[in-house]
Each structure stands twice: as C-alpha cells, then as structure tokens.
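Enquirer: Below you'll find the structure I mean.
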Amino acid sequence: MRHVGAVLAVVCVSACTAARPEARIVGTWRVVAIETRDSAAAPWRRPFGDAPSGYAVYAADGTHLLQFGRTPAVPFAAASDRAGTDAEVRAAFFDHFAWQGRWRLDHARATIIHDIEGSPWPSWRATMQERPYRLAGDTLVLGDTARTRRVFVRVRR
C-alpha cells in the first residue's frame, strides 16, 4: 500500500505542477514579432524588421534571458567586426536587444515580472520590467497589445 500512495503523490505533484501558470511559461520561445505604436489607433511599427531573430528562455529555477535583433543584420563594410565605423557599431547596437535576470508571475494582474540583472543597455540594468502576458497554446504575447506586443512561439519546454 505504501507504494500506491507514493505513486499517487507523484502523479498529483506532476499534475499540480503542470497546471500552474509558471509551468506553462517555462521553456524556450522564439521571437516572431516585435511591434510598437504610439497609440491604439496608430499603425504598428516593427523596429526590428518583419522577421526578427532571437529567443526568450524562462527557466523553472526563475532565471530568464531574452535576446533579439533585426534581420537581416546589416554587415559592416570592413571584413572584421572590430573594424566597424562608429556609425556601423552604433547601428548594430540599436538593432539588437538583450537582458538577463530573474522572473516571476503576478497571477492577479496576468503579468510577468522581469528583475533585470544585466543588459548591454545601462538604463535597463537593476530594473524591474513588468509585462502583461497572454498565453494561447504555444504562443506567448508580452505587452499591453494596445501599444506594444512581443510575440513568441514555443520551441521547447
């Protein structure tokens, strides 16, 4: 009888964990759209192009990283990335975004809270970035969807 109880406990823990919203977010997500606009009536802009590249990773231990960039990437005129002009390096910087840190959900507000520990962008470091989210199957949308939306599709759990 002890074994039956242990098996039931394992099944319950697995089912309960899978039902938690955090468990549905955990995984690797590929970016498919980064869109923004000035108002709910304005047209959408795609500052990272029509097909940005990048990933968001939400780990079960609460760590997170996000990285995406414009595609196609604009190459430097010189044969070496280290030989790029100031203008080329500046453009490459603005065509790429990244951060890493910790994450958690605010269930009541359907919000993901990102505690940013590092980013190439100094003003993002040591900040808390809250993003409303919607999860439908294997599609994750971050943003208020009125003025911003970052759309990701699941790659792996």
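The values are calculated or read from the model by the stated rules, or taken from the named source; none is laboratory data. What you see is a predicted model; the values in this text were computed from it and never measured. Here the Cβ positions follow ideal geometry from the backbone for every residue, glycine too, while neighbour counts run over all protein chains shown. For accessibility, only protein heavy atoms count, side chains too; no ligands or nucleic acids. Shrake-Rupley method; radii C 1.70, N 1.55, O 1.52, S 1.80 Å.
Enquirer: Tell me which residues, restricted to the range 46-64, are within 23 Å of VAL89 (Cα to Cα) and surrounded by 11 or more Cβ atoms within 10 Å (Cβ to Cβ). Give the derivation first.
Expert: Step one: filter the range 46-64 for residues within 23 Å of VAL89 (Cα to Cα), giving 46-55.
Within the range 46-64, ARG46, PRO47, PHE48, GLY49, ALA51, PRO52, SER53, GLY54, TYR55 qualify.
Enquirer: Scan the range 75-86 residue by residue and report those that are open to solvent by 50 Å² or more (accessible area, probe 1.4 Å), modelled with pLDDT of 90 or more and among the aliphatic types (A, V, I, L, M).
Expert: Within the range 75-86, ALA77, ALA83 qualify.
Enquirer: Take VAL141 and tell me if it is open to solvent by 40 Å² or more (accessible area, probe 1.4 Å) and either within 12 Å of the chain's Cα centre (by Cα) or farther than 20 Å from GLY27 by Cβ (or both). So that I can check it myself, show each step before the final result.
Expert: On the way: open to solvent by 40 Å² or more (accessible area, probe 1.4 Å): no; either within 12 Å of the chain's Cα centre (by Cα) or farther than 20 Å from GLY27 by Cβ (or both): yes.
No: the conditions fail for VAL141.
Enquirer: Could you please let me know if THR28 is in contact (Cβ under 8 Å) with a residue 60 or more places away in the chain, of a type in the set (S, T, N, Q) and within 30 Å of ARG157 (Cα to Cα)?
Expert: Answer is yes for this residue.
Enquirer: Quick check: anything in the range 92-107 open to solvent by 50 Å² or more (accessible area, probe 1.4 Å), of a type in the set (S, T, N, Q) and either more than 21 Å from ARG24 (Cα to Cα) or out of contact with any strand residue (DSSP E or B) (no Cβ under 9 Å at 6 or more places or on another chain) (or both)?
Expert: no
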